[in-house]
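Notes for the one structure printed next.
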Amino acid sequence: MPKPQDFDSLLLTAIDEALLSLGESVRTSIYYHLERNFKVTQNAIPANLPQFQTALEKIFGLGARFLEILIMKNLYAKISCPLVMESKEELEFVKYVEAARQTFLKGC
């Protein structure tokens, strides 16, 4: 049975890969600003998704949506599960990740 910490590890990898697409120095800078300005360490991101989303929006403005979509694509590629959503409305980042978490923990 999948464990929550397994999902968190996959989520962190998906985030890291998305940020790396901007370049190594940009990724390092983002993690630095997350910790310094938003008090969210890299490993604490899964437990602080709303703060992480807010930080991305403050750092990138409308460009944060691009990163959120890239993170979600990376995440679903890693969990290899189809998205099961109870509503068909467009989900915002935090709700999307939580839907992925529930799908993953149910074992697809």
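The values are calculated or read from the model by the stated rules, or taken from the named source; none is laboratory data. None of these values were measured; they are calculated from a predicted model. Cβ: placed from backbone, ideal geometry, glycine included. Neighbour counts: every protein chain shown.
Of the helices (runs of 4 or more DSSP H) lying entirely inside the range 37-108, those carrying at least 2 residues that are modelled with pLDDT of 90 or more and closer than 18 Å to R27 by Cβ are 49-60, 64-79.
Of everything in the range 21-30 that's assigned to a helix (DSSP H, G or I) and of a type in the set (A, V, I, L, M, F, W, C), which residue is surrounded by the most Cβ atoms within 10 Å (Cβ to Cβ)? Among those that are assigned to a helix (DSSP H, G or I) and of a type in the set (A, V, I, L, M, F, W, C), it is I30. Selection of the range 53-70 for residues being hydrophobic (A, V, I, L, M, F, W, C) and more than 16 Å from L20 (Cβ to Cβ) yields A55, L62, A64.
For the range 57-71, residues that are free of Cβ contacts under 8 Å to residues at least 24 places away in the same chain, surrounded by 12 or more Cβ atoms within 10 Å (Cβ to Cβ) and not small (G, A, S) total 6.
For the range 1-20, indicate whether the set of residues that are crowded, with 16+ Cβ neighbours inside 10 Å, more than 16 Å from the chain's Cα centre (by Cα) and either at pLDDT 95 or above or not hydroxyl-bearing (S, T, Y) (or both) is non-empty. Within the range 1-20 (the criterion being crowded, with 16+ Cβ neighbours inside 10 Å, more than 16 Å from the chain's Cα centre (by Cα) and either at pLDDT 95 or above or not hydroxyl-bearing (S, T, Y) (or both)), the answer is yes, since at least one residue qualifies. On the stretch given as the range 23-53, residues that are farther than 23 Å from R101 by Cα and in contact (Cβ under 8 Å) with a residue 12 or more places away in the chain total 5.
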